[in-house]
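Down below is the structure, laid out as structure tokens.
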Amino acid sequence: MSHTYDAIVVGAGPAGSAAALALAQRGVLVALLERGEYAGSKNMFGGVIYGSVLDDVIPGWWEVAPLERYITRRVTAFMSEDSALCIDFKTSRFGKPPYNGWTVQRPHFDRWLAGQAEQAGAELITSTLVTGPLLRNGRVAGVEISRPGGLLEAPVVIAADGVNSLFAKAVGLQREFARHEVEIGVKETIELDRSVIEERFGLQGREGADWEMVGAASGAAIGGAFLYTNLSSISLGIVCSIESLAEARVRPEVLLANLRHHPAIAPLVRGGRIREYSAHLVPAAGRPMFPKRVGDGVVLVGDAAGLTLGVGIYLEGANFAIGSGLIAAEAVVDALNRGDTSASGLADYEMRLRESFVLKDFDTYKHAQPFIANRRVQNVYPRVLADIAEQVFRVDNRKPKRRLGHVLWGPLRAHGVSPLQVVRDLWRAGRAYF
């Protein structure tokens, strides 16, 4: 194993592997480090990959990647404790190449993407913990590792080691986050026969379904839930603010068990066997928690750079991770060619991020993440909508029907929401999305 490289990437998730792949394709001698036994062994994911960002580096990637199902059905569920109002969108247009999104199992997908980087010439080094940066004259000059030799040298390091990036903290680019800025996602993989999944979700062949749930799905905590269909399993999970979990004095696995028994979800997972349980920290505050992404000899990508977009209608992370990794590789190649990997030499990374979908999407929805964090939006209004639907569809011939305006305000009053709060929240929604 060589101990000197042109670049080192810390973390073989989607961001790190994409960066290593793009660097290797450009002839850069790059080491891709992974603390797990293999890439993906430590990663938790729901999840859907929106992979068009890979089109240029791996043409036709969907034909060779280990994918589960392409999403043709998207359900948004507003839940009370015993009911759900669902908006169900289904299209055949997402079921044709190049497809819109695929469910994946991260242990398989990450291992494949890291393998693509390895085939392109990157040196993949697994079972290796990065214990800290190697510093010379106050700048990053490589990494210290928990292996014989203890040091790997390179003029630039790409940190892709997740939201709680120990490397970014060690070099002073990332601060400690407050509890309200970080969410925890917990997930169960529930094994079910393939034919059962297709029958229950109205799917054919490799069609897939994506359910996003708010309201009672997260109990008293601020957050939401998801359900994704794989070929022969279902990914069921919740994502909640750590602060709200502490305030509600509830553990996430309890909320997940309650979700599994909800009347809208129980029939979908009935008879399944829980095969896996996992948890993962997620950056949740958007721009306010962005770290400084460039330093002398180092850049941050993916979750380490805070690049997860959670704005209600869009819940995306892997495509931002891959995109930032590819953009970082371009900036690093240019910096190496100029012989300047200082912060100023790597500054093109920030400029390219701003010109790409990555930061433009954050700019477009800069008001959406604080809006979504509102307890009424996450917890109260979904219950109100479910209660309104129940009253609208309930037929009681012993009483005359009421006008819809009375039906609307009754549940709002029952949940302690005033007309003024509704007007203010509608204004904030318009500001966030329109």
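Bear in mind these aren't lab numbers, they're just calculated from the coordinates by the rules spelled out. Keep in mind that what you see is a predicted model, and the values were worked out from it rather than measured. Backbone-built Cβ (ideal geometry, glycine too); neighbour counts: all protein chains shown.
Some notes on this structure:
- In segment 165-216, GluC sites (Glu not before Pro) in a DSSP loop with at most 15 other beta-carbon atoms within 10 Å: Glu176
- Placing +1 on the Cβ of every Lys and Arg and -1 on the Cβ of every Asp and Glu, with no other charges, gives segment 179-283 a dipole of roughly 280 debye about its Cα centre.
- The base-10 log of I(q)/I(0) for the chain, evaluated at q = 0.11 Å⁻¹, reads -0.86 [Debye formula, identical scatterers on Cα atoms, solvent excluded].
- Hits among lysines - C-alpha to C-alpha of Lys366 under 23 Å, sequence gap 8 or more where chains match: Lys292
- Highest mean first, the peptides 279-286, 159-166 sorted by other C-beta atoms within 10 Å per residue fall in the order 159-166, 279-286.
- Straight-line reach from Lys90: taking Cα to Cα under 25 Å and skipping same-chain neighbours fewer than 8 places apart, the lysines in range are Lys187.
- Simple point charges give the picture: +1 on the Cβ of Lys and Arg, -1 on the Cβ of Asp and Glu, and for the chain a dipole about the Cα centre of about 1840 debye.
- Arranged from fewest to most other beta-carbon atoms within 10 Å of their beta carbon, Tyr50, Tyr277 become Tyr277, Tyr50.
- For segment 141-146, 3J(HN,Hα) computed residue by residue from phi via the Karplus equation (6.51, -1.76, 1.60; θ = phi - 60°) reads 10, x, 9, 9, 10, 8 Hz, glycine and proline entered as x.
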